[in-house]
Amino acid sequence: MRGVIASRVRVFSDPELNNEISSLERAVLNFDKTQLTRGIIHLTKIELVDAELILPVNPAQPDSEVLEIHHANGTLFLPGQRRFEIRNATGRIAGIDVRLNARIIGYNQTGEGKKDDAKAGQRRELLARIISKLNEWHFDETSPPGLEVFIDGDANERSSVVAKFTLRAKQLEKNQHVLDEISAEADLTGDLLTVTSLRAKDSRGVLNGRFDYDISEKSGRFDLDSSLEIPPLLKAWFGVPPLTGVLIGGAQNIEMEGGFTIDARNIPQLQMTGQAHCGSVMLRGVRFDSVRTAFSWRNGDVFLRDMRLTRPDGEATAKALIQWPLVRLAIDSTFPEQIFKPFFIGQPLEKVIGDFTDRENARVHIKLEGGFDATDRHSWAYTGSGSVDNVSYKGVPVHHADCRFSLSHHELDFYDGTIDFDYRNYPLRKAYSGPDSATAKVGRIRYVADSKVVEVEGVTGTIWAAPLVRFFAPKVADSLEVYRFHTPPDLTGSGIVDVTPQGRTALDVKFSSSGSATYNFLSENLIVSKPSGKVSIRGKRVIIEDLKLDTLDGPVTARFVTDGNGRLEGEMSWTRLSIPELTSTYGFQMKGGGNLTGRIDFSLMDGKVETMDGEGLFALEKTELFSVPIFGPLSPVISGVLSDRRAGFERATTAFCNFRIENGILSTQDFRTATTSLVFAGEGTVDLKERTLDMIMRMNARGLLGFITLPLRPFYGMFQFRGTGPLKDTKWEHVMFTTPAKEQHELLLPAPKAKVVGGRE
């Protein structure tokens with residue numbers, strides 16, 4: 001009376017029993033008993049009790065994907081007239097508790113209504129994908145997700161079939177990413193699936209969305225807004241890899257809408273637009289407080305616009321086009337320059353950025369456009385402009401600098417630049433009360449990566465040379481610091497600087513100044529005025545040519561060469577230098593005036609006077625030689641020898657000699673001077689480091705004494721003196737006369753003038 005219990009039930013869709021559409025192990029079947037008594041079998045109800053159902057997705061292909069329903073319970077009523085009703089049918093499918101209610105008018109097997117096999121196949125395909133995706137999810141077994149389904153309609157009229165779905169789930173996990181809650185409500189009307197409400201929740205936030213999908217057209221639209229933790233969700237649920245070097249630690253909000261189609265390969269082709277905001281973003285180790293952007297996506301191409309990145313020390317606006325692996329972008333940034341360093345690790349620009357140091361109230365403004373290939377670390381290029389305020393580069397402080405640039409792995413080209421140097425703490429400014437700042441124009445500074453040289457073009461300005469050169473050649477700048485201009489000179493410069501030890505540097509700098517400079521020569525500082533010249537740097541060598549200046553009240557021309565290893569070579573010539581100024585500079589005083597003319601060729605090592613070698617000559621004019629500290633003490637000695645005080649204090653106004661220098665010792669063999677009645681010839685040495693003298697001075701006093709020159713006594717009337725000791729406190733004494741060298745003899749005894757007789761010599 002309760003019905004027929006059937007086991008191993010098989011259900012087919014055709015009379016020939018070829019297409020099995022389901023199977024179940026046990027069911028209770030009820031028949032119309034009044035008709036049964038008349039021999040008519042009419043099934044009125046099928047009751048499932050803890051049944052197990054296996055339904056092929058495609059009944060025409062029994063070996064296709066199957067839908068397994070476990071613990072099925074429910075009742076199927078078959079009142080007739082092609083109608084059947086399912087009441088409170090429950091079961092578990094892929095771990096989901098499903099409750100089904102339906103009122104359906106079945107297919108009219110004899111009518112004109114025809115089954116749309118193509119659309120049925122699309123529905124089965126969608127169902128198969130859903131089943132495969134469900135198998136990837138994991139649920140809390142003690143509280144499995146619940147899906148309620150209600151279906152109503154006529155199977156012969158697809159458009160009249162309406163299905164409503166309601167999903168509730170907790171602790172939904174896929175690939176170790178868990179959503180705390182998820183709920184959805186959807187309608188299926190004909191071929192249109194509409195998700196009217198989709199809501200998900202995790203520890204960070206909530207997602208709300210809507211979705212529709214046309215099964216026959218394989219296309220759909222969606223919109224959603226979310227504060228979920230998006231990157232791990234995309235990676236775990238959809239296989240989207242996270243952006244390299246990006247960590248998001250703060251709130252994430254995204255709003256998007258768009259559409260999609262499923263192509264012949266069942267790959268979604270997506271188009272969408274939206275906007276996103278993320279807080280506390282770490283990008284390659286650099287933290288940003290906030291990142292905002294609007295975006296659009298079309299089949300894998302991403303366009304980011306109205307991007308805004310903020311930090312306490314600045315902000316940036318940007319736009320980017322990503323056609324993976326190619327990325328194009330434009331940035332307008334006020335971030336400190338060090339923010340960009342992690343993006344150029346291992347590139348030449350990394351070192352350039354690392355050489356910047358921010359000072360108080362530092363400001364940086366950079367605009368650039370360009371792009372890169374994410375699969376090739378050498379494929380990148382940018383153009384733009386930049387300006388900085390209150391920064392230091394390689395230790396050189398600047399108030400302001402700006403330039404345009406073109407940057408790539410192959411070259412760093414900075415051009416059309418202006419630099420306003422901050423000289424407030426520069427030693428030369430402090431020493432000589434120079435200006436606090438000065439401005440230079442830079443035509444171009446270009447680093448060529450392949451050849452590893454820096455090309456310098458069109459550098460001009462009234463600036464000190466060393467701070468500018470220190471930007472690209474610190475060692476060369478050190479060698480320029482010895483030229484101590486009191487105020488910045490007018491400079492122009494160009495050339496090539498080698499950043500390797502290959503010695504290819506070829507840099508030329510011209511300078512001129514209407515002011516003064518200090519140059520250390522022979523261990524004393526010389527004050528020079530109106531210096532001008534040309535500095536040529538060739539490898540380690542520094543050549544100073546066409547040097548013109550005034551010092552010691554007279555003009556000087558010179559040429560110097562340093563080899564980079566401490567050796568200095570030079571040649572100097574001077575005209576009518578002030579002897580009082582000269583002797584005062586080198587530590588002693590004299591009475592009267594006079595001047596000095598001469599030249600010198602020399603070399604020395606490491607600026608040490610004791611290593612000096614050279615040769616030269618000098619002449620003294622309009623001086624009182626015997627008033628200088630060197631020869632002054634000789635006057636009373638001469639007076640005593642000649643018993644004539646006048647002789648010892650006669651004025652010697654001119655002198656001349658050639659000299660040689662070896663290891664810092666100056667020697668001469670032909671020093672000559674004379675008074676109105678006396679002739680002097682000297683030979684000796686001067687220790688330039690110790691500033692001591694050791695000299696023999698011979699005197700011809702014949703004219704003063706009235707002696708008659710006798711051939712047998714050629715040196716009669718000659719006297720000899722020796723001076724030793726410090727230059728400013730020389731001690732002289734009368735010593736025994738010795739035979740002079742040939743040069744001394746000729747100086748003391750010049751050839752007599754021929755007498756003229758009768759117009760003939």
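The values are calculated or read from the model by the stated rules, or taken from the named source; none is laboratory data. Everything numeric in this text was worked out from a predicted model, so none of it was measured. Cβ placement follows ideal geometry from the backbone for every residue including glycine, while neighbour counts extend to all protein chains displayed. Quick note on the areas: whole protein, heavy atoms, side chains included, nothing else; ligands and nucleic acids left out. Shrake-Rupley method; radii C 1.70, N 1.55, O 1.52, S 1.80 Å.
For the range 304-321, putting each phi into the Karplus relation 6.51 cos²θ - 1.76 cosθ + 1.60 with θ = phi - 60° gives couplings of 9, 9, 6, 5, 9, 10, 10, 9, x, 9, x, 8, 9, 10, 7, 9, 8, 10 Hz, in residue order, rounded to whole numbers and with x for Gly and Pro.
For the pair Lys689 and Thr196, the difference between a 0.36 nm per residue extended length and the Cα-Cα distance amounts to 167.6 nm.
Between His378 and Lys742, what length in nm is gained on full extension when 0.36 nm per residue of separation is reduced by their alpha carbon distance?
On the way: separation 364, 0.36 × 364 = 131.04 nm, distance 7.69 nm.
So the extension gain works out to 123.3 nm.
Placing unit charges on the Cβ atoms only, positive for Lys and Arg and negative for Asp and Glu, gives the chain a dipole magnitude near 1860 debye about its Cα centre. Average accessible surface for the chain: 54 Å² per residue, computed with a 1.4 Å probe over protein heavy atoms with every protein chain in place.
For the chain, the 222 nm mean residue ellipticity estimated from helices alone, with every DSSP H stretch of n ≥ 4 adding -39500 (n - 2.57) and the total spread over all residues, rounds to -3000 deg cm²/dmol. Ranked by the mean number of other Cβ atoms within 10 Å per residue, highest first, peptides 216-228, 313-325 order as 216-228, 313-325. Note down the net charge around Leu693, summing +1 for each Lys or Arg and -1 for each Asp or Glu among other residues with Cβ under 14 Å from its Cβ. So the surrounding residues net to -1. Which net charge results when you count Lys and Arg as +1 and Asp and Glu as -1 among the other residues whose beta-carbon is under 13 Å from that of Leu526? Once all neighbours under 13 Å are counted, the net charge is -3. Normalised by the number of residues in the chain, the mean separation of alpha-carbon contacts (under 8 Å, six or more apart) gives a relative contact order of 3 percent.
Taking Rh as the Kirkwood radius computed over C-alpha pairs, what is the Stokes-Einstein D of the range 263-360 at 10 °C in a medium of viscosity 1.306 mPa s, expressed in µm² per second? Before the final figure, lay out the partial values.
Working: Rh = 15.4 Å.
Taking Rh from Cα pairs, D becomes 103 µm²/s.
Think of the chain as a dipole: +1 on every Lys or Arg Cβ, -1 on every Asp or Glu Cβ, centred on the Cα centre; then among Gly220, Gly190, Ile40, Gly220 lies furthest on the positive end. In this label model, Asp450 and Asp223 are separated by 5.5 nm, measuring between points 7 Å along each Cα→Cβ vector. Label separation (His277 vs Arg651): 9.5 nm, computed from points 7 Å beyond Cα along the C-beta direction. For the range 276-293, the residues whose amide N sits under 19 Å from a probe point set 7 Å from the Cα of Ala362 along the beta carbon direction are 285-289. Computing FRET efficiency as 1/(1 + (r/R0)^6) for Asp313 and Asn663, where r is the C-beta to C-beta distance and R0 is 51 Å, gives about 0.30.
Only one residue of Phe356, Gly515, Pro312 has its Cα farthest out toward the positive end of the dipole of the chain, where Lys and Arg carry +1 and Asp and Glu -1 on Cβ, and that residue is Gly515.
Note on Val482 and Gln323: their simple-model spin labels are 5.9 nm apart, each label 7 Å out from Cα toward Cβ. In terms of the mean number of neighbouring beta-carbon atoms within 10 Å, the peptides 389-395, 333-339 order highest first as 333-339, 389-395. Note on the range 397-445: Kirkwood hydrodynamic radius from all Cα pairs is 12.2 Å, rounded to one decimal. Checking the Cα-Cα distances for Lys608/Lys742; Lys319/Lys341; Lys341/Lys394; Lys341/Lys540 against a 26 Å cut-off, the pairs over it are Lys608/Lys742; Lys341/Lys540. The H on the amide N of Val98, modeled in the peptide plane, is under 5 Å from the matching H of Gly91, Arg92, Ile93, Leu147, each at least 5 residues off or on a different chain. Shown here are the Rg and Dmax of the Cα trace of the range 327-464, at 16.0, 56 Å.
Expressed in nm to one decimal, what extension gain is obtained for the pair His177 and Phe343 from 0.36 nm per residue of sequence separation less their Cα-Cα distance? The partial results should precede the final answer.
On the way: separation 166, 0.36 × 166 = 59.76 nm, distance 3.03 nm.
Separation in residues times 0.36 nm, less the Cα-Cα distance, equals 56.7 nm.
As a length-normalised measure over Cα pairs under 8 Å and 6 or more apart, the relative contact order of the range 346-412 settles at 33 percent.
On the beta carbon distance between Leu270 and Arg305, with R0 = 22 Å, the FRET formula returns roughly 0.75.
Using a cut-off of 12 Å between beta-carbons, work out the net charge of the residues near Trp732 (Lys and Arg +1, Asp and Glu -1, Trp732 not included).
On the way: positive: Arg722, Lys731; negative: Asp694, Asp729, Glu733.
Its environment carries a net charge of -1.
Given R₀ = 60 Å, what would the calculated FRET efficiency be for Ser677 paired with Glu545, taking r from the Cβ atoms and rounding to 0.05? Write out the running numbers ahead of the final one.
Details: r = 47 Å, r/R0 = 0.79.
After rounding to 0.05, the efficiency reads 0.80.
Under 20 Å from a label point set 7 Å out along the Cα-to-Cβ vector of Glu141, the amide N atoms of the range 164-196 belong to 169-179. The spacing between the range 334-356 and the range 372-403, judged by their C-alpha centroids, is 7 Å. Rg ratio for the chain: its Cα radius of gyration over 2.2 N^0.38 Å, N being its residue count, equals 1.90.
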